1. No other cysteine beta carbon under 4.7 Å away is the test; run it over the protein assembly as shown and list who passes.
2. Give me the net charge of A:Lys64's neighbourhood, meaning all other residues with Cβ under 15 Å from the Cβ of A:Lys64; Lys, Arg count +1, Asp, Glu -1.
3. When chain A is modelled as a GNM with alpha-carbon springs shorter than 10 Å, which of A:Asp27, A:Asp88, A:Asp98 fluctuates the most?
4. Determine the sum of side-chain charges near B:Lys17: Lys and Arg each +1, Asp and Glu each -1, restricted to other residues whose C-beta is under 13 angstrom from that of B:Lys17.
5. Counting only DSSP beta bridges with both residues in chain A, what percent are antiparallel, rounded to the nearest 5?
6. Select from B:Glu52, B:Glu60, B:Glu15 the residue whose mean-square fluctuation is largest in a Gaussian network model of chain B (Cα-Cα springs shorter than 10 Å).
7. Beyond 21 Å between alpha-carbons counts as too far, so tell me which of A:Lys41/B:Lys55; B:Lys17/B:Lys55; B:Lys17/B:Lys71; A:Lys20/A:Lys64; B:Lys63/B:Lys99; B:Lys3/B:Lys71 fall in that bin.
8. Could you give P(r) for chain A, binned at 5 Å from zero, as whole percent values over all Cα-Cα pairs?
Amino acid sequence: GAVVSQHPSWVICKSGTSVKIECRSLDFQATTMFWYRQFPKQSLMLMATSNEGSKATYEQGVEKDKFLINHASLTLSTLTVTSAHPEDSSFYICSARDSGTDHYNEQFFGPGTRLTVL
Amino acid sequence: SQKIEQNSEALNIQEGKTATLTCNYTNYSPAYLQWYRQDPGRGPVFLLLIRENEKEKRKERLKVTFDTTLKQSLFHITASQPADSATYLCALDGWLDDKIIFGKGTRLHILP
């Protein structure tokens, strides 16, 4: 099946710093990628839809100036958490749909990035 | 607003038995319903997708049913094994956009 990678798998940073998380589709092209956040024992909450070559679409309540998304190529989307604070500590997961397949509705998820802000 | 309920937060099943997980939804008419498996500290893994005009879908030991009248899906694992222990997420996929909405999941424990 299609593989999505994320880097880093975990990161610890100081409050006020910015952190960039990469999401790559390794063996397929993805015109659309998705960024989720998951708190312990909670569901995945969609933060934004990342569209290649255009601006991301953010869900209600998600600050676009705080969570910067860039989808510069068909295989890479990045999420930058700017001026991170302890309440931003969470598990961030990306996913992608394979644009070139009949199984377009399947979403392939990355392994997630654990962010801890001190 | 749209709501998805997976009505068991946790479920313990004896090895070899069939595990049945339930997903109910309101205020939504999905085109597709999907089931994912998530292990601790990992991203979800796609298991099965069922379309709104399909009643049942099978894959090896997995079976999913979809009742659009009841607004409910059942997810069955037959001949359950301890390796099936994980959190299982139900997700709804709509007609109008690319987004899918996840339930909170059910933590399944298969007891040896």
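All of the numbers you see were taken from the coordinates with simple rules; none came from a lab. As the structure is a computational prediction, the values presented were derived from the model and not from experiment. Note that we place each Cβ from the backbone using ideal geometry, even for glycine, and neighbour counts take in every protein chain shown.
1. A:Cys13, each lacking another Cys Cβ under 4.7 Å.
2. Working: positive: A:Arg37, A:Lys55, A:Lys66; negative: A:Glu59, A:Glu63, A:Asp65, A:Asp88.
Overall, the nearby charge balance is -1.
3. Of the options given, A:Asp27 has the highest mean-square fluctuation.
4. In short, -1.
5. 90
6. B:Glu60
7. A:Lys41/B:Lys55; B:Lys17/B:Lys55; B:Lys17/B:Lys71; B:Lys63/B:Lys99
8. Pair shares across the bins are 2, 13, 23, 25, 20, 11, 5, 1, 0.
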